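Before any comments, here is the structure.
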Amino acid sequence: MNIFTIKEMTITSLQTDLAAGNITSVQLVQTYLERIATADSCEEGTNSVLEINPDALFIAEQMDLERKESKLRGPLHGIPVLIKDNIDTADGMHTSAGTLVLADNFAKQDAFIVRKLREAGAIIIGKVNMTEWANFMSEPMPNGFSGRGGQVRNPYGSFDVGGSSSGTGAAIANNLAVVGIGTETSGSILSPSSSNSLVGIKPTVGLVSRKGIIPIAHSQDTAGPMTRTVQDAALLLQVIAGRDEADPATLFAPSLPDYTAYIRTEGLKGKRLGIDGVTLDNLAPEKRELMEKAFTALREQGAELINVKVPEITRESSVLYHEFKHGVNRYLRTVSSHLPAHTLKEVIEWNRINTETALQHGQDILEASEKTDGTLKQADYLQDRLADIRQSRTEGLDRVMADGKLDAIIFPSYYGCDIAAKAGYPSITVPAGYTEAGEPFGITFTAGAFEESTLIEIGYSYECATQHRKAPK
């Protein structure tokens, strides 16, 4: 059906059309399904959507009925959302983290954030592909590849699609849903958002519940919004954030603010932003020029830019390997008994038996993780975890922010994701333009713990001043 265009539609604009009767949620879901068929599932499509929720149209009917009865649940009422394949949904869809070994895994209950989305009236229309095991399986594995789903493609051309939330990035950039959910351990929201000209928010660890998400590392994992506008990201974050008694990380978070109050065009006025010159020196000239244009725009909007030196964390850390084995073994204990693996060791063995299909890029990272004892008591883990905290927070971002009296630090693309990930601190990436070849390029702002409101203020003001985002051809 072509009665309604869905390209570049936002939550707010769609709510206006839904309220006016220009379209129903059922028609909206049908229109997105048609676009998935024509722009994703075809031979030259993005190959980003793994499966469709069989209940999507029924849920849309319920949302339309509630709208008629003036029982609106909030800004996401009747809005189609796509989520990453490592997030549990207790419905007709699988949760596999892109793997073949978990291809028949049906979760027994919704992840906490899925429950929040449903309560808010969102329509989860499908699950998207991702880099297998959230990019923690094999060093040679390309971004966006999974044994279950194949290769996700960047809608802007033959560019890196980013990982590991590559399916969310490509799908939302390609207008296959209104908004999407990704997850990040270190760069997995920021990378595909920057690579697909999206806004991505990697929240503070503890702002969003980790319950019901296949883990890599409990000290760094978080889910977050991936959208085409900062306002949509703020609206989506408002829904998925919050205290979860089943996730201790959320219990010390401060009271949830109204993120929409920080959607201000003058949000950059008076902000002090740090520029790390080392990361700029690593950029190709064309991307360096895009950053210089971004700096000009930031200054024109009233921001003060200060040169800073963000310490590089060059030492190797064993934290992810230890926490992955611990977390995955805990998750696999909850899956159905008919599945072929219930420990990381069994996953590795099953992959070896099914080498031709399951090991197209090897599994060296899985094997390295299996060598840890899974108890989180080994000396190298404890020493590395404490060192990560000290170097990323005390001697890193905390010191740089305090010394410069900064509101945020600027990074090109998703540079700086590692130190923010180890610290557990939030970042937002916003489109910053395109290379001459058409490759998307983003700018990332990182702040202190639970300073998402500041990042939304900065990101929205920059977005309004530059308007870089454009749909792929």
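The values are calculated or read from the model by the stated rules, or taken from the named source; none is laboratory data. Worth saying up front: this structure is predicted, and the values here are computed from it rather than measured. Positions of Cβ are generated from backbone atoms using ideal geometry, with glycine treated the same way; all protein chains shown enter the neighbour counts.
General remarks:
- Considering only residues in the stretch 146-168 that are crowded, with 24+ Cβ neighbours inside 10 Å and of a type in the set (A, V, I, L, M, F, W, C), the one that is nearest to ASP85 (Cα to Cα) turns out to be VAL152.
- The stretch 65-86, subset crowded, with 24+ Cβ neighbours inside 10 Å and in contact with a Lys or Arg (Cβ under 8 Å, 6 or more places away or on another chain), residue farthest from ALA223 (Cα to Cα): GLY78
- Residue count, the stretch 125-161 (criterion: within 30 Å of MET63 (Cα to Cα) and either in contact with an Asp or Glu (Cβ under 8 Å, 6 or more places away or on another chain) or without any contact (Cβ under 8 Å) to a residue 40 or more places away in the chain (or both)): 5
- Exclusive hit being within 24 Å of the chain's Cα centre (by Cα), touching a residue at least 60 places away in the same chain (Cβ under 8 Å) and part of a helix (DSSP H, G or I), set ILE409, ILE456, ILE443: ILE456
- Screening the candidates THR222, THR227 for the property of being more than 26 Å from VAL400 (Cα to Cα), of a type in the set (S, T, N, Q) and either touching a helix residue (DSSP H, G or I) at 6+ places or on another chain (Cβ under 9 Å) or crowded, with 24+ Cβ neighbours inside 10 Å (or both) yields one hit, THR227.
Every residue, every condition in (1) surrounded by fewer than 20 Cβ atoms within 10 Å (Cβ to Cβ); (2) within 24 Å of THR227 (Cβ to Cβ); (3) not assigned by TED's automatic domain parsing to the domain that holds ARG115, yes or no:
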residue: GLY242; (1), (2), (3): yes, yes, no
residue: THR260; (1), (2), (3): yes, yes, yes
residue: THR279; (1), (2), (3): yes, no, yes
residue: GLU286; (1), (2), (3): yes, no, yes
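- Selected residue (criterion: farthest from PHE145 (Cα to Cα)) from residues of the stretch 344-389 that are surrounded by 13 or more Cβ atoms within 10 Å (Cβ to Cβ) and of a type in the set (Lys, Arg): ARG385
- Test: residue in the stretch 255-266 that is at pLDDT 95 or above, under 25 Å from VAL114 (Cα atoms) and touching a strand residue (DSSP E or B) at 6+ places or on another chain (Cβ under 7 Å): yes
- Lone unmet requirement of (1) over 24 Å from LEU198 (Cβ atoms); (2) in contact (Cβ under 8 Å) with a residue 60 or more places away in the chain; (3) in a helix (DSSP H, G or I) for GLY167: (1)
- With respect to the conditions (1) in contact with a helix residue (DSSP H, G or I) (Cβ under 7 Å, 6 or more places away or on another chain); (2) farther than 24 Å from ARG469 by Cα, ASP160 falls short on a single one, namely (2).
- Total residues in the stretch 329-343 satisfying the condition of being loosely packed, with under 15 Cβ neighbours inside 10 Å and either assigned by TED's automatic domain parsing to the domain that holds ALA97 or under 28 Å from the mean Cα position of the chain (by Cα) (or both): the figure is 4.
- The set of residues from the stretch 418-440 being among the charged types (D, E, K, R) and not in a loop (DSSP other than H, G, I, E, B) comprises ASP418, LYS422.
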